[in-house]
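Notes to accompany the following structure.
The values are calculated or read from the model by the stated rules, or taken from the named source; none is laboratory data. The structure presented is a predicted model; accordingly, all values stated were derived computationally and were not measured. Every residue, glycine as well, gets a Cβ built from its backbone with ideal geometry; the counts of neighbours run over all protein chains shown. Ligands, DNA and RNA are excluded from the accessible area calculation, which covers all protein heavy atoms including side chains. Shrake-Rupley method; radii C 1.70, N 1.55, O 1.52, S 1.80 Å.
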Amino acid sequence: MEKWHYFHQKVVSLQTIMKMMQNKVLLLYTGGTIGMGKNPRTNALEPLDFSNFVANMPEMKQIGTEIDVYQFDKPIDSSDMRPDAWARLVRIIDSRYEQYDGFVILHGTDTMAYTASALSFMLENLTKPVVLTGSQLPIGQLRTDGKENLVTSIEIASAYKSDGTPIVPEVCIYFSGKLLRGNRSTKQNADGFNAFDSFNYPHLCDAGVNITFHPHHILKPDFNKPMTPHYKMDSRVMVLSLFPGIEENFVRHTLNADGLRAVVMRSFGSGNAPQQPWLIETLKKATERGIIIVNISQCVEGFVAMERYDTGFQLKDAGVVSGRDGTVEAAVTKLMHLLARYDDTQLIHQLMSQSIAGEITV
């Protein structure tokens, strides 16, 4: 049973931040392809002892930052990532928040955007970098993308301005030369090294020969306020994808599922749905029962504008909330976060229409 030591987070002024800088980054290995190695006897991939591997990487000796490694005892395949693992990451970061300048989380790519989105809501008023990265090939393989992703993520997590404040004080994903806001990111490629992008939000930085930050796109937290961790998530959420010919009884069964509290509905184009009376009636009855339905476009780029077409107006009249230009990953995890904190459905409706961690454009 792991023991955690909690401490009261002190409010600090900008003048003291420089003194608090440790020139240290905590590297957390949760699992994923990046930390796999080939067993010489069986040729099967299995988890590495990441602490020893990092200590023996020549590239690490050239980084002017001290690196500590925290490795999950049982690495998690990203397909098995769950809210309790997110809470574990929040506890690790919270309990070591004053000891490190930034945090790098190594994670499998399949659900990385979900984890990055969840952490952006669970780490309220984050004032230090939390960079998630991974790779498409194991770090020990000849053509791996893991080394560049890892080294650059550490450089970004330890990058500070002249006044002592971090350059990127938010949860983000670094992959293949691009630093992305975590709750704006989506996995776009199952095989290529350019696995992620943020289609509705610009890159926070681009890394080529030089690392070029884009400060006007980066969140600006209040450094005089403490980071507030949240551990609970309510996973009684469902994703419903609309498609031509969708059957009435399946939709009704979904929206009448026991315990269901919220639905992320993936609609067409700018937030449209089939003009079927049964669909609007079913959605309306669900919202009247207190089910929160958030409209997210199936398009990877663009904005849900339910007032643009009549089909969108009908959804709005049925009590469906616009997800604006957010991702499915952000909508799901934001709902889980808000449902765990509030019972007031109207309040959650309001907060889903507001940006609380840079997840939507308002």
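Annotations for the structure displayed:
- Percent carbon-and-sulfur accessible area, the stretch 20-124, ignoring ligands, DNA and RNA, probe 1.4 Å: 43
- Rolling a 1.4 Å probe over the protein heavy atoms gives the stretch 230-362 an accessible area of 47 Å² per residue.
- Estimated D of the stretch 83-169 in µm² per second, where Rh is the Kirkwood radius over Cα pairs and Stokes-Einstein applies at 10 °C, 1.306 mPa s: 115
- Accessible area (Å², per residue) of the stretch 133-213, counting only protein heavy atoms and a probe of 1.4 Å: 36
- Placing +1 on the Cβ of every Lys and Arg and -1 on the Cβ of every Asp and Glu, with nothing else charged, gives the stretch 254-304 a dipole about its Cα centre of roughly 100 debye.
- Of the chymotrypsin sites (Phe, Trp or Tyr not before Pro) found in the stretch 157-245, those that fall in a DSSP loop while having at most 15 other beta-carbon atoms within 10 Å are 199, 231.
- Judged by the mean number of other Cβ atoms found within 10 Å, the most tightly packed of the peptides 83-92, 97-106, 289-298, 61-70 leads the ranking 97-106, 289-298, 83-92, 61-70.
- Distance between the stretch 45-108 and the stretch 309-326 - C-alpha centres, whole angstrom: 41
- About the Cα centre, charge dipole magnitude for the chain (Lys/Arg +1, Asp/Glu -1 at Cβ), debye: 440
- Most to least accessible of 236, 181, 96, 82 (protein chains only, probe 1.4 Å): 82, 236, 96, 181
- Accessible-area composition of the stretch 227-362, carbon plus sulfur, in percent [1.4 Å probe]: 50
- Across the chain, C-alpha contacts under 8 Å between residues 6 or more apart give a mean separation that, scaled by the residue count, equals a relative contact order of 15 percent.
- Whole-angstrom Cα spans of the stretch 56-131 along principal axes, big to small: 35, 28, 21
- Distance between the pseudo-spin-label points of residue 188 and residue 240 (7 Å out from Cα toward the beta carbon): 3.0 nm.
- Selection of GluC sites (Glu not before Pro), the stretch 272-362, meeting DSSP coil and at most 15 other Cβ within 10 Å: 301, 307
- Karplus-derived 3J(HN,Hα) values for the stretch 306-316, using 6.51 cos²θ - 1.76 cosθ + 1.60 with θ = phi - 60°, are 5, 7, 6, 10, 4, 4, x, 4, 4, 5, 4 Hz; glycine and proline are entered as x.
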